[in-house]
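Only one structure is covered here, and it is reproduced in the block below.
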Amino acid sequence: MNAIDTFRDCTPRRRMRPWFAAAALSALLAGPAALAQTRGGTLGLIASPEPPSMVLAMNSLVAAQYMGSKVFQGLLTYDGSMKPRPELAKSWKVSPDGLTYTFELQEGVKWHDGKPFTAADAEFSIGKMLPAVHVRTRVVLNNYMASVKATGPLTLEIRLKSPFAPFISMFEAGTMPMMPKHLYDGTDYATNPVNQKPVGTGPFVFKEWKRGAYARLDRNPDYWKKGLPYLDGIVFYVIPDTASRAVAFEKGEVHMLKGGDLEVSDMRRLQKMPGVDYTTKGWELFSPQYHVQLNHRKPPFDNVKVRQAIQHALDRDFIVNTIFEGLNRPATGPFTATTLFHDKAIPQYPFDLNKARALIRESGVDVGKTPVKLMTVTLGGNYDRLFEYIKQMMEQVGFKVTLEAADAGTWASKVSNWDFDLTTNLPYQFGDPALGVQRLYITRNITKGSPFGNNQGYSNPKADALWDQAGVELDPAKRARLYSELQTILAMDVANNWLFDSDMPTLSRSTVRNAVTSAHSLTDSLDTVYFQK
Amino acid sequence: MNLAAFIATKLGKALGVLLGVVVINFFLIRLAPGDPAQVLAGESGAGDAQYVENLRRQFGLDQPLPTQLALYLKGAVQLDLGYSYRNHVPVLDLILERLPATLLLMAAAFVLSISLGVALGALAARTRYRNRHRWLDSVVMSSAMLLYATPLFWLSLLSIIVFSVLLGWFPAFGMETVTAGHTGWARVADIGAHLVLPAGSLAAFFMAVYARLTRASMLEVMGMDFVRTARAKGVTAGRVLRVHVLRNALMPVVTFAGVQLGQLAGGAILTETVFGWPGIGRLMFDALMQRDYQLLLGVFLVTSAMVVGFNFVADLVYRLLGAGAASAGTRGTS
């Protein structure tokens with residue numbers, strides 16, 4: 001398995017596009033048939049790759065979230081347009097100054113061991129456990145949160161040090177899972193035996209996990225949403241081989257596959273089978289973008305004209321339509337089309353080899369003098385062809401490129417330590433530029449130690465000032481203006497050579513209903529999923 | 001050398017080998033770039049430098065290497081193979097959970113390949129010896145050649161397509177039907193059905209090897225003086241083949257069986273991958289990719305202990321069989 005193996009699982013978000021209204025309308029028109037949810041049935045899914053743990057506080061691998069979000073829940077969920085919806089919190093208020101968040105929690109919620117879920121659990125999770133162990137959330141909580149307090153048995157108050165507009169987008173199970181205080185407080189979180197039999201509030205209860213074979217969740221009979229879930233249980237099969245996964249889906253033992261589970265060609269084949277549904281919705285919260293990352297510290301990539309030339313030399317339409325067989329969408333800038341404040345009207349780099357060669361001449365850099373290595377981490381056959389393509393196109397404009405294959409560990413280590421010429425990366429944008437994009441370009445994030453910082457070494461003081469301004473701005477119109485200006489600057493500087501907004505398809509048997517209902521189908525509890533009889 | 005001394009020497013060597021395996025592997029796996037903390041952060045698509053540093057401290061990776069090795073050895077002696085922080089599970093638990101699946105697959109493939117292989121090889125040799133049905137020899141040997149040359153992953157996928165997708169005789173993946181809730185004999189039958197395709201594919205290659213080995217070795221023995229003498233003395237052809245020829249011809253087969261067991265003990269990564277078989281080979285492969293040092297060392301230690309054990313048994317069998325064959329040979333020529 002491999003580092004970015006996990007992010008192969010990804011799609012974009014279309015903000016409140018007609019599909020949404022159409023879906024609602026067709027549900028109405030379908031009438032009683034659509035309402036006849038039936039109880040029963042066990043849903044077969046694939047754990048790919050098999051995650052090490054499903055305890056969401058300590059592991060936010062895509063694969064871990066896919067499993068753990070049926071057991072653990074957050075205070076909120078988000079619909080396809082990223083609007084918050086109640087989950088463990090039944091209502092919430094944000095003060096006008098953007099500093100105080102108040103949550104009213106649901107009544108009658110119980111942990112799987114029977115103990116009641118209260119504001120004390122939320123306070124413990126947000127105030128103590130997540131700031132210590134959550135890979136992403138800890139940074140935001142430690143930087144922005146002043147205090148979190150249970151002001152009543154079911155009321156929670158969070159105070160921030162400074163306004164942080166995207167904070168409200170951070171309350172789903174993958175980002176801020178609620179953890180049981182009575183089982184974790186005062187223990188060593190990592191070695192706590194309860195990690196092997198996770199206890200949450202979700203619609204499904206941990207039953208057993210035979211590593212390498214399957215993990216099994218059973219229906220929670222005491223689930224706090226009355227009458228739910230519809231399913232008797234969920235089984236996550238561990239099938240490491242993509243061809244065997246396709247067979248399992250064809251045989252009907254697995255009912256739903258996500259993009260990363262299959263090679264694109266297999267997916268295109270299964271998509272055409274009768275009785276199979278296909279969608280790329282449900283990944284808006286993650287919105288990953290695939291880009292080529294050049295090391296700006298070294299020649300020839302320290303020259304902006306050279307970076308612009310590379311952007312002209314790569315045909316993003318060809319990459320999407322031919323190499324990826326129509327999957328993904330060509331990137332038009334540093335923000336994915338589904339990230340908030342995305343602006344299309346910024347400088348573009350249409351495919352033009354002559355323009356690329358001209359730019360290189362203008363730069364005065366002899367690019368052939370410095371042979372470079374493209375460090376690759378394969379995520380499947382299509383990616384292998386992409387690497388070959390990048391090499392070919394760069395060589396057509398004068399570069400000398402060799403491919404250097406790396407496994408996940410090697411890649412993470414080398415990118416973390418800036419030890420590369422050029423490579424590719426697929427970071428999530430998490431729906432909001434302040435959460436997922438800023439970290440890749442702001443100067444203070446030029447640090448060693450993590451592969452998801454500003455590892456290319458891009459620095460522009462003007463951009464830095466804009467990031468800081470936009471992060472604390474609460475007025476959406478003003479934020480949009482600041483981010484438009486930023487996108488233009490990043491595009492002019494070619495702060496990364498973005499290729500495509502990554503699509504994350506979901507393939508399901510048509511009998512499986514309600515599978516994709518939010519901006520994060522991955523971290524959905526699936527409590528309303530049912531089999532149509 | 002008497003048997004007790006033989007066993008003591010072998011055991012002493014075995015312990016030395018195990019210590020070597022641990023120490024060499026301990027340093028070897030650290031030569032690969034990246035560590036478990038970086039991989040974990042890498043997979044999450046996020047993670048700042050401080051987070052990675054915290055993990056490293058928790059994993060004990062901030063200690064000097066000799067200290068880490070000493071701690072590991074001290075634990076290993078007490079059968080404590082450490083904790084997989086990645087999986088939040090003690091290493092020994094992870095290994096013991098996967099070991100039965102590997103042993104089952106291994107035993108099935110081993111028995112299948114050696115019994116069928118030797119039987120087919122003997123059959124082929126017999127047709128030559130009696131000079132009847134020579135076509136059978138050609139059929140057996142060319143089939144063996146075909147199996148020998150077919151890549152394992154291709155054979156595995158093909159067997160899934162034919163026997164699972166098209167014919168629906170056997171399940172395509174996994175070790176048992178998770179949702180069926182079988183118990184007792186129903187469960188045994190269910191696991192058996194799941195075992196057929198992976199064990200069959202895995203056995204195919206070795207079966208071919210055994211068939212060729214047995215046949216070649218038998219043909220060689222058939223030409224020896226003591227066989228001619230036995231025939232001259234009027235011993236029936238069947239008895240000559242069974243007692244005089246086959247028994248003496250088995251030595252190379254046993255030698256090779258020891259090698260096969262050693263290979264199987266490390267798990268059959270390819271077979272486990274294609275059939276989703278929850279064995280130790282996948283565990284090792286994943287641990288390597290994830291730089292889960294403790295788990296990887298644990299798997300190396302356990303599998304090499306098994307290899308050493310099997311070789312020990314093979315040596316013992318060889319010794320006993322050698323003594324038996326010698327006496328049979330003596331009887332034959334007297």
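The values are calculated or read from the model by the stated rules, or taken from the named source; none is laboratory data. Here the structure is a predicted model, which is why all the values come from computation and not from measurement. For neighbour counting, all protein chains shown are included, and Cβ atoms are generated from backbone atoms with ideal geometry for every residue, glycine included. Quick note on the areas: whole protein, heavy atoms, side chains included, nothing else; ligands and nucleic acids left out. Shrake-Rupley method; radii C 1.70, N 1.55, O 1.52, S 1.80 Å.
At-a-glance table
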| quantity | calculated |
| --- | --- |
| Rounded percent of accessible protein surface that carbon and sulfur make up, the protein assembly as shown, 1.4 Å probe | 61 |
| Spin-label pair A:His182/B:Val77, simplified geometry with 7 Å Cα→Cβ offset, distance in nm | 4.4 |
| Farthest toward positive dipole pole in the protein assembly as shown [+1 Lys/Arg, -1 Asp/Glu at C-beta], among A:Gly364, B:Gly200, A:Met82 | B:Gly200 |
| Mean separation of Cα contacts under 8 Å, 6 or more apart, over the residue count of chain B: relative contact order % | 26 |
| Too-long pairs where the Cα-Cα distance tops 26 Å, listed order kept, from A:Lys272/A:Lys391; A:Lys161/A:Lys414; A:Lys90/A:Lys181; A:Lys181/A:Lys207 | A:Lys272/A:Lys391; A:Lys161/A:Lys414 |
| Accessible surface buried upon A-B contact (total; probe 1.4 Å; Å², nearest 100) | 4400 |
| Solvent-free Debye scattering, log10 I(q)/I(0), computed from the Cα coordinates of the range B:204-268 at q = 0.19 Å⁻¹ | -0.72 |
| Given charges at Cβ of Lys, Arg, Asp, Glu: the range A:171-306 dipole, positive-most of A:Val276, A:Ala190, A:Gly252 | A:Val276 |
| Average projection area in nm² (convex hull over Cα atoms of the range B:109-208, one quarter of hull surface) | 7.6 |
| Computed [θ] at 222 nm, deg cm²/dmol, the protein assembly as shown (DSSP H ≥ 4; -39,500 (n - 2.57); rounded to nearest 500) | -14500 deg cm²/dmol |
| Computed magnitude of the charge dipole of the range A:467-533 (debye, nearest 20; Cβ of K, R +1, Cβ of D, E -1) | 460 |
| Shape category assigned to the range A:191-239 from the gyration tensor of Cα positions, a/c cut at 1.5 | oblate |
| Spacing of the two label points (7 Å from each Cα toward its C-beta) at B:Val259 and A:Thr102, in nm | 7.8 |
| Pairs beyond 18 Å (Cα-Cα), from A:Lys110/A:Lys225; A:Lys70/A:Lys251; A:Lys197/A:Lys258; A:Lys83/A:Lys128; A:Lys226/A:Lys258; A:Lys70/A:Lys226 | A:Lys70/A:Lys251; A:Lys197/A:Lys258; A:Lys83/A:Lys128; A:Lys226/A:Lys258 |
| Relative contact order of the range A:412-532, defined on C-alpha pairs under 8 angstrom at six or more residues apart (%) | 16 |
| Shape call, the range B:1-124: gyration tensor on alpha carbons, a/c limit 1.5 | oblate |
| Radius, Kirkwood style, for the range A:78-219 when every pair of distinct Cα atoms is counted (Å) | 16.2 |
| Percentage relative contact order, chain A, counting C-alpha pairs under 8 Å, at least six apart | 23 |
| Residues of the protein assembly as shown: accessible area per residue with a 1.4 Å probe, Å² | 39 |
| For the range A:409-456, the Rg and Dmax computed from alpha carbons only, in angstrom | 10.6, 29 |
| Theoretical gain in end-to-end length, B:Ala237 to B:Leu65 [0.36 nm per residue, Cα-Cα removed] | 55.3 nm |
| Chain A - Debye-derived log10 I(q)/I(0), Cα point model, q = 0.07, 0.12 Å⁻¹ | -0.39, -1.17 |
| Semi-axis lengths (Å, descending) of the ellipsoid that matches the C-alpha gyration tensor of the range B:163-207 | 21, 13, 8 |
| Selection from B:Leu152, B:Val240, B:Ala49, by position along the positive dipole direction of chain B (Cβ) | B:Val240 |
| ³J(HN,Hα) computed for each position of the range A:382-397 - Karplus, 6.51 cos²θ - 1.76 cosθ + 1.60, integer Hz, glycine/proline x | 4, 5, 4, 5, 4, 4, 4, 5, 4, 4, 4, 5, 5, 5, 5, 9 |
| Cβ-derived FRET efficiency at R0 51 Å, B:Ser138 paired with A:Asp475, nearest 0.05 | 0.05 |
| Within 10 Å of each Cβ in A:211-218, the average number of Cβ atoms from other chains | 6 |
| Cβ-derived FRET efficiency at R0 22 Å, B:Thr179 paired with B:Phe153, nearest 0.05 | 0.20 |
| Proximal lysines relative to B:Lys74, as straight alpha-carbon distance under 24 Å, when same-chain residues fewer than 8 apart are discounted | B:Lys10, B:Lys13 |
| Segment A:Arg361-A:Thr155, length gained on full extension (0.36 nm per residue, minus Cα span) | 67.7 nm |
| Base-10 log of normalised Debye intensity for the range B:50-176 (one unit scatterer per alpha-carbon) at q = 0.19 Å⁻¹ | -1.14 |
| P(r), alpha carbons of the range A:261-343 - 5 Å bins starting at zero, rounded % | 3, 11, 16, 19, 18, 15, 9, 5, 3, 1, 1 |
| Hull-based mean projected area of the range A:162-244, where the convex hull spans the alpha carbons, in square nanometres | 9.3 |
| R0 of 41 Å, Cβ-Cβ distance B:Lys13-B:Val162: FRET efficiency to nearest 0.05 | 0.35 |
| Only Lys, Arg (+1) and Asp, Glu (-1) charged, at Cβ; chain A dipole about Cα centre in debye | 380 |
| Rg(Cα)/(2.2 N^0.38 Å) for chain B, N = residue count | 1.23 |
| Between helix A:461-472 and chain A: long-axis angle, C-alpha atoms, 0 to 90°, nearest 10 | 20 |
